[in-house]
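Since the structure comes first, as structure tokens, the remarks are kept for the end.
The values are calculated or read from the model by the stated rules, or taken from the named source; none is laboratory data. Quick caveat, the model's predicted, so the values are computed rather than measured. Cβ placement follows ideal geometry from the backbone for every residue including glycine, while neighbour counts extend to all protein chains displayed.
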Ligand code: NAD
């Protein structure tokens, strides 16, 4: 029997006359109907959330944290079903789908132990000032498709633990697992506190304009992020934007290649490069360039390549959707038409019988002003460039769209740290591929974001900080 999916409004399941179907990225088969939320659904969800907020905002942190443990239980108890849905809608292997599920559980548990506390900001003989944190109201979480559960869940749990109500809008490319998860969570929280609405840009745009929504937490592209910020100005909504990155990875002359080459391959090609902080440009010291390139090609061909019979390693997969497939294909075609040196991969047609597959592709020394270097590829094609002067590589790394993550590999920790501190990115990983950590604040500099999330500091974007001034 074909699975059914719903919008969840005030704990009720709602279908819709209008439905939309995702294309399975592995096979190009149409998946299941997903109800597109109507304007009435949207209005009802906002009204339900506003009503629920009155009492939900008065609950204690401890009460809310206990419910996050129950939300984690819901994900854990339904992990197999959620993983199988995720695999179909994203094209991921079970191993990578499980990462999405397990991280979702871990996020709930992390915030069940970590929250904001009141703080004495000043005290003298006459006055004591206590800062306390109050929720904003109704939060809309507008989400992308690359890790559907992790990236929506982090917004949900941060909103909930701080006492907000939350309406999730999954990406229209990956609506199913998130919708099922909200459906399965019914009964854990009071009706209206946690809801899901499905739709595309129209629904997202409506959320950014609605006066009943207090905050937008958005993850996606830079262009859409700018539109979200402009729209939110009209009602002075609080906004967090987690946007694209064009992460530089700097490999120093003394790097231990036995260790570093597998890390760089993973940084660039895990999940076929569809990671916001994937390594997207690799700068290798010229003294080791040839050796590094030869080893990286061997590693990538052994660990990430799609075999002729169509078998792909579990950490690699198709592009999630046709639109992204066309973007990455266009970048590879651009490299070919300009005669850049493609040292492995490069095929854009007939990689497998069906599906949005592209092979892991490495391009040696494309020009610095090429599309592949300047734009976020968000797919399995990686430029390998060379450097010799530290100031110069830092300048080349610090593009406006490269403010999200970066990585540095060196056996000399002082050198690695010196470079890391000069890179203009929200997170820099040293001697490891870029992998976000729940406890660490995560946000992009420059074009890569506005504010940030995760860690205890991330919770501050879900609250007003209010000061109580006591006369002594
Ligand atoms: P996208 O910007 O196309 O869409 C993101 C979401 O915004 C979707 O839910 C979409 O329906 C909605 N949307 C579209 N137009 C809208 C509008 N005008 N107003 C409001 N909402 C609108 O991004 P995507 O293709 O889904 O995601 C991929 C991008 O996300 C990549 O650039 C990637 O780097 C980035 N990303 C960033 C992070 C991070 O934490 N910084 C994490 C994952 C992905």
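When you look at residue 144, is it more than 17 Å from residue 75 (Cα to Cα), modelled with pLDDT of 95 or more, crowded, with 19+ Cβ neighbours inside 10 Å and within 9 Å of the ligand (Cβ to nearest atom), yes or no?
So residue 144 passes the test.
Yes or no, residue by residue, for (1) under 18 Å from residue 282 (Cβ atoms); (2) in a helix (DSSP H, G or I):
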residue	(1), (2)
382	yes, no
391	no, yes
406	yes, no
434	yes, no
438	no, no
458	no, yes
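Residue 125 - would you say it is assigned to a loop (DSSP other than H, G, I, E, B) and either within 16 Å of the ligand (Cβ to nearest atom) or at pLDDT 95 or above (or both)? Break it down into steps so the answer makes sense when it comes.
Numbers: assigned to a loop (DSSP other than H, G, I, E, B): yes; either within 16 Å of the ligand (Cβ to nearest atom) or at pLDDT 95 or above (or both): yes.
Spelling it out, residue 125 is indeed assigned to a loop (DSSP other than H, G, I, E, B) and either within 16 Å of the ligand (Cβ to nearest atom) or at pLDDT 95 or above (or both).
Looking at segment 1-51, which of its residues are surrounded by fewer than 18 Cβ atoms within 10 Å (Cβ to Cβ), assigned to a helix (DSSP H, G or I) and in contact with a helix residue (DSSP H, G or I) (Cβ under 9 Å, 6 or more places away or on another chain)?
39
List, please: which pairs have Cβ atoms under 7 Å, are six or more places apart or on different chains, and start with a residue in segment 422-448 that is at positive phi and end with one that is within 11 Å of the ligand (Cβ to nearest atom) and at pLDDT 95 or above?
If the second residue must be within 11 Å of the ligand (Cβ to nearest atom) and at pLDDT 95 or above, the pairs left are 446/403.
Inside segment 187-301, counting only helices (runs of 4 or more DSSP H) that do not spill past its ends, which hold 3 or more residues that are in the same structural domain as residue 13 (by TED's automatic domain parsing) and surrounded by fewer than 20 Cβ atoms within 10 Å (Cβ to Cβ)?
Passing ranges, in order: 201-209, 222-233.
Looking for something more than 30 Å from residue 28 (Cα to Cα) and surrounded by fewer than 16 Cβ atoms within 10 Å (Cβ to Cβ) - is there at least one such residue anywhere in segment 377-389?
yes
Could you tell me how many of the residues in segment 211-238 are in contact (Cβ under 8 Å) with a residue 60 or more places away in the chain, more than 9 Å from the ligand (Cβ to nearest atom) and more than 25 Å from residue 181 (Cα to Cα)?
The number of residues fulfilling the criteria is 2.
So residue 400 passes all but one of these: (1) within 16 Å of the ligand (Cβ to nearest atom); (2) closer than 22 Å to residue 106 by Cα. Which condition number does it fail?
Every condition holds for residue 400 apart from (2).
Against the definition (within 16 Å of the ligand (Cβ to nearest atom) and modelled with pLDDT of 95 or more), how does residue 334 come out, yes or no?
Answer is no for this residue.
Taking the condition of being touching a helix residue (DSSP H, G or I) at 6+ places or on another chain (Cβ under 8 Å), more than 10 Å from the ligand (Cβ to nearest atom) and under 18 Å from residue 5 (Cβ atoms), how many residues in segment 169-196 meet it?
So the answer is 10.
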